[in-house]
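Contents: one structure, followed by commentary.
The values are calculated or read from the model by the stated rules, or taken from the named source; none is laboratory data. In this text, all values refer to a predicted model and were calculated from it rather than measured experimentally. FYI the Cβ positions are ideal-geometry reconstructions off the backbone, even for glycines, and counts take in every protein chain you see. Heavy atoms of the whole protein, side chains included, go into the accessibility calculation; ligands, DNA and RNA do not. Shrake-Rupley method; radii C 1.70, N 1.55, O 1.52, S 1.80 Å.
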Amino acid sequence: MICIRNRRFGLLWTSTLLSNLGNWLMIVAVPVYVYTMTGSTLSSGFAFVAQTLPAIVFPPLAGVLADRWDRRAVMVGADLLRMVVVLALIVVDDPGMLWLLYTAMFFESAIGHVFQSAARAVVPAVVGRGGDLEAANAWNTVASGIVRLAGAPLGGALYALVGFDGLVLIDSATYLLSALLIFGMGRLRVTDDGQQPDASSWLAAFRGQLREGLAFLFGHPILRTTLVVSSLFLLANAALNVLLVPYVISVLGGDAGDVGVLMAALGGGFLASAYVGNVLSRSGLLRLSFTGCLAAITLCFAGLFLIHHFAAALVFIALAGLPGGALLMLVQVQVQRHTPDRQLGRVGSAFSAAEMAATVVGASAGSIAGQQLPLATTVWLVIGVLAAGAVVAALLLPTRSGPPAAAEPAATATPPVMARTGDDG
């Protein structure tokens, strides 16, 4: 088990799990706290916006930082900053202080994207670009599944048990523990391509590095096609998630509890997808794996929305989580395997920004279409988008994934060399 035999990856995995869990603990608690304080749906909605807006705005900056500075230091610094920022929530005890809550949630989320960019980019330096890369990403998928299943319910339970201030302290403590674990990894040896640091101004360097990362991404046929395919999937997935609520209530005759059960089933499927994604990625059959996952997702969502029975919906949404999670893992492996180390942060962040934009567009389009068109018509349109993604994968992806960008070994403990990726700031 790679989490045990590779000590550094075990520390990285545990740190990422704690860091993400700390963020998810507040997903339920903050809107509930705001609504309890104000009685305003609009005010609680602003809390959600403050948490999600950085996902669109900050990934490009986060990617440049992850490539420009020592990634271990970036992760430790991000966790310590979040530990301090989230403590500001304790002083918010009346509606007049909500501006501070929104500000703190915004920066907690923004700093979190810096952490995630560095954490994703450092994986190949820890496990190499060979077979262990699939195992590492499978375990990361497991961590995501755990957080999806347990984060929000655990946050709600702790909110009821220890109150909002107590939950804030727990959230802050997860970031401190995460920082200590990352610090315990030691310095990492990574590939140095010999490129000289950019001596221009920071803004000019940022623009230049961002352009360089995007040029590599859009010039690489596998990564370019992978970005299109994953964006189509997430666009359709967001639209169908929006349609799930009216479908359950108006067609299946269910309620909010039934929606929660279905979302939990989806999380369970996502958790189990780690094994599927690992097997598919190790096979090296890139075109077949991507096309098969998208075809399976299309069939599962068709069954979910076109067979009007709650039991069928429960089965199909759980099954959809298997190829859905496997597809996202395949995407991550391709990014890490085909991107040179010095550009991993920028390319990974470009994927994050594009995928989040696709999610926002999909959710918006699903809401508008669901309001203007019959539900069945909207569902068929979205299923068509999923099918289009499968066609793109089948036509444009190569049969096999090909060699990695650099055949570098996993990081070693000696000699301890500071990770350098371009300019270390």
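Assorted remarks:
- Of the residues making up region 204-222, those that are crowded, with 21+ Cβ neighbours inside 10 Å and of a type in the set (A, V, I, L, M, F, W, C) number 1.
- Only one entry of ASP94, ASP79, ASP67 meets the criterion of being among the charged types (D, E, K, R) and either farther than 30 Å from THR339 by Cβ or surrounded by fewer than 23 Cβ atoms within 10 Å (Cβ to Cβ) (or both), and that entry is ASP94.
- Condition broken by GLY321, with the remaining ones in (1) in contact (Cβ under 8 Å) with a residue 60 or more places away in the chain; (2) within 28 Å of THR377 (Cβ to Cβ); (3) crowded, with 16+ Cβ neighbours inside 10 Å satisfied: (1)
- Verdict on GLY370 being small (Gly, Ala, Ser) and either at pLDDT 90 or above or within 21 Å of the chain's Cα centre (by Cα) (or both): no
- Applying the condition of being buried (at least 20 other Cβ atoms within 10 Å of the Cβ) and at pLDDT 75 or above to region 25-57 and asking which residue is nearest to SER144 (Cα to Cα) yields LEU25.
- Residues of region 284-300 satisfying the condition of being at pLDDT 90 or above, open to solvent by 10 Å² or more (accessible area, probe 1.4 Å) and in contact with a Lys or Arg (Cβ under 9 Å, 6 or more places away or on another chain): LEU285, ARG287
- Residue check, GLY156 open to solvent by 10 Å² or more (accessible area, probe 1.4 Å), without any contact (Cβ under 8 Å) to a residue 12 or more places away in the chain and more than 21 Å from SER273 (Cβ to Cβ): no
- When restricted to residues that are in a helix (DSSP H, G or I), more than 16 Å from LEU17 (Cα to Cα) and modelled with pLDDT of 65 or more, region 174-202 contains 0.
- Residue count, region 392-408 (criterion: at pLDDT 90 or above and loosely packed, with under 15 Cβ neighbours inside 10 Å): 3
- 3 or more residues without any contact (Cβ under 8 Å) to a residue 40 or more places away in the chain: qualifying helices (runs of 4 or more DSSP H) within region 1-119: 7-38, 41-52, 71-87
- Total residues in region 231-251 satisfying the condition of being open to solvent by less than 40 Å² (accessible area, probe 1.4 Å) and either among the hydrophobic types (A, V, I, L, M, F, W, C) or not in a helix (DSSP H, G or I) (or both): the figure is 9.
- Positions within region 269-283 being open to solvent by 30 Å² or more (accessible area, probe 1.4 Å) and under 23 Å from the mean Cα position of the chain (by Cα), in sequence order: LEU271, ALA272, TYR275, VAL276, ASN278, VAL279, LEU280, ARG282
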